[in-house]
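Here the structure is laid out as C-alpha cells; the discussion comes afterwards.
The values are calculated or read from the model by the stated rules, or taken from the named source; none is laboratory data. These numbers come from a predicted model, not from an experiment. Virtual Cβ from ideal backbone geometry, glycine too; neighbours counted across all protein chains shown. SASA here: full protein model, heavy atoms, side chains in, ligands and nucleic acids out. Shrake-Rupley method; radii C 1.70, N 1.55, O 1.52, S 1.80 Å.
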Amino acid sequence: MENWEGRGEAEWAGRLGVPQVELHRRIESTSDRARDVVGCGRERPFVIVAERQSAGRGRRERRWLSDCPRGLWFTVAIESGEAMAPTASLRAGLAAARGIEEAAGLGSVQVMWPNDLMIEGCKIGGVLCEKVGEALLVGVGVNLNHAPGELAAVDQPATSVLAATGRETPRGNALVAIVGELLAGWTDSPSALTSSEIAELSARSELAGRRLRVDGVVGEPSGSARSVRNLSATALAIASDGALEVVDDQGGALRVVAGSVRLEA
C-alpha cells in the first residue's frame, strides 16, 4: 500500500521514530507478517500496519474481527529483554490504554487481565504478545471508529471509541500515541511489574473483589500447577510477575498464571 492516513512508509517510520514501517491494504495478520519479518533479521523496532486483517487473532487463537478499515490494527516488534507474558501483555495493555486516552480525549480505558482493553465494561480492543527469538511481537487491535451496528460481540460485549466519545479519532494519531507509549515502556524491559505499574493496573481494573470464572492454569501455594475450567473464584490483586491472585470458593489462595477470566453476572 502506497500510503495510510495520508503518509507513506518512510514518513510513518520518521513520525514513529522506528527504522521501518510496513503498510498493507489487506493482510491475514500483522503479527504473522511480523513473525516472518523477524525471521529475515530486520532491524528492530519495526511496525506493521494493516488497513484490514482477514484473519486477525487474539489469545488462544481466538478470532479477532478486524476486516474493517475503521479500526486500528498493527504489530510492533521490539527487543524482548526479560519481559514475557503475562507481564508483557499487561505492560502493553497499559501503554495502549494511555495512548487511546491521549488520542481520543477519553477519561479512562480499563485494562482487563490479562490483555483486554475496555470502556465501561465493554471491550474496545486487546493486545497479543508473542516472543519470537529475541524479539517480542506486540499486536494491538482497537475498535476505533466503528458505528455501534458494525460491532460484533464474539466472546463479550463490544464497543468502540467512536461509540464512547461520539466523535471519530484519527487512526494515525492513535497509532503515534500507542507506539510512543509502548516504546517508552520498554526502555529496560523488566521481567517484573513495578509498584507504579501494579497501582495503575489496579486503578484501571474492575476485578478486585469481583466474582470470576477462570479457565486456564492456576498455581497452588505448594508451587504445583493445575489446569482449571469454569473455576469459581474471587479476584484479589495482580502480582509483580503478572499473575492474578484469587481465592476459590473453599478459601484456597490461587494464582492464575495463564488463561482467561470472565466476570460473573
Which value in deg cm²/dmol, rounded to the nearest 500, describes the helix-derived mean residue ellipticity at 222 nm for the chain, given -39,500 (n - 2.57) per DSSP H run of n ≥ 4 and division by the residue count? -7500 deg cm²/dmol
Shape call for the stretch 145-265 from the C-alpha gyration tensor, a ≥ b ≥ c root eigenvalues: rounded (a/c under 1.5), prolate (a/b greater than b/c) or oblate? oblate
Compute the FRET efficiency between A225 and E2 as 1/(1 + (r/R0)^6), taking r as their Cβ-Cβ distance and R0 = 45 Å, and round to the nearest 0.05. 0.35
Is the shape of the stretch 67-193 best called rounded, prolate or oblate, per the rule: a/c under 1.5 gives rounded, else a/b larger than b/c gives prolate, else oblate, with a ≥ b ≥ c the square roots of the Cα gyration tensor eigenvalues? prolate
Can you figure out the FRET efficiency of A237 with L263, using R₀ = 22 Å and their beta-carbon distance, to the nearest 0.05? 0.85
With angles folded into 0 to 90 degrees, how steeply does helix 171-185 sit against the dominant principal axis of the chain? Use alpha carbons for both and round to 10. 60
Accessible surface of the chain, 1.4 Å probe, proportion on carbon and sulfur as whole %: 47
Note down the magnitude of the dipole of the chain about its Cα centre, charges +1 on Lys and Arg C-beta and -1 on Asp and Glu C-beta and zero elsewhere, to the nearest 20 debye. 520
So, in Å, what gap is there between the alpha-carbon centers of the stretch 116-130 and the stretch 170-204? 14
Give me the accessible area per residue for the stretch 115-187, probe 1.4 Å, as a whole number in Å². 37
Counting Lys +1, Arg +1, Asp -1, Glu -1, what net charge surrounds R226 among other residues with beta carbon under 14 Å of its beta carbon? -1
Looking only at T159, T234, T75, which one moves most when the chain is put into a Gaussian network model with springs between Cα atoms under 10 Å? T234
If you take every residue apart from A174 with its C-beta less than 15 Å away from the C-beta of A174, what net charge results, scoring Lys and Arg +1 and Asp and Glu -1? 0
